[in-house]
Amino acid sequence: MSNMKPLHIDLARKTPINFLRLILGLLMMGATIYIYFFSAITRFQPYQLALLFLFGMYYTIMGAGLNVFNMLFKRYITVDDKGINIKKSIFKGKHESSWNDITEIQINITAIRFKVKNSSELQIEHQQLEEETAHKLKTAIIHQAKEQGINIA
């Protein structure tokens with residue numbers, strides 16, 4: 001067996017900074033602080049101001065290019081000497097397969113399919129990945145398949 005460096009791919013999409021959303025969030029938080037502490041406006045209940053402040057925080061975080069869901073729920077693909085681990089979605093569980101359990105790997109233009117001994121099939125669509133990442137993943141999988149003697153179709 002070779003000592004291949006493990007390949008870990010984070011499936012979280014990178015979000016660019018959105019200045020409009022960032023400014024809107026800061027304005028919402030600023031307005032909340034102003035109304036609560038410095039203004040004579042009394043038409044807002046404290047829970048309404050708290051909600052406005054929380055929405056402002058959310059918009060500021062999203063505008064800064066951070067995605068709350070990506071920070072809380074990890075999505076990834078890991079390929080190493082032992083096998084492949086995949087967590088494609090926050091709603092789907094983690095799938096782990098050792099190279100001994102995989103009988104065949106099919107690589108085509110749209111996806112990579114793994115046929116497992118228990119007759120199940122696992123699929124990774126290329127549209128989920130950036131082009132360079134898809135190439136790295138294919139290279140790592142082909143390398144491991146050749147090392148493990150797995151048929152590549």
Expected unfolding gain across Tyr36-Thr110 under the 0.36 nm per residue rule, minus the alpha-carbon gap, is 21.2 nm
Dividing the mean separation of Cα pairs under 8 Å (6+ apart) by the residue count of the stretch 1-85 yields a relative contact order in percent of 52 percent
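What FRET efficiency comes out for Met57 versus Ile90 if R0 is 25 angstrom and r is the Cβ-Cβ distance? Round to the nearest 0.05.
0.75
What FRET efficiency would be calculated for the residue pair Ala153, Ala12, taking the C-beta separation as r and a Förster radius of 41 Å, to the nearest 0.05?
E between Ala153 and Ala12, to the nearest 0.05, is 0.85.
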Between (i) 17.3; (ii) 16.7; (iii) 18.7, which entry matches Kirkwood radius over Cα pairs in Å as derived from the coordinates of this structure? (iii)
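With N denoting the number of residues in the stretch 19-64, provide Rg(C-alpha) divided by 2.2 N^0.38 Å, to two decimal places. Before the final figure, lay out each step's value.
Working: Rg = 10.7 Å, N = 46, 2.2 N^0.38 = 9.4 Å.
With N residues counted in the stretch 19-64, Rg over 2.2 N^0.38 Å equals 1.14.
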Work out which helices of the chain, taken as complete DSSP H runs, extend at least 20 Å along their axis over the Cα atoms and score a mean Kyte-Doolittle of 0.0 or more, then list them. 19-33, 46-63
Looking only at the chain, where both bridge partners belong to it, what percent of the DSSP beta bridges are antiparallel (to the nearest 5)? 90 percent
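Coordinate-derived values only; no laboratory data. Everything quoted here is computed from the prediction, not taken from an experiment. Because the Cβ atoms are built from the backbone with ideal geometry, glycine has one as well, and the counts that use them run over all protein chains shown.
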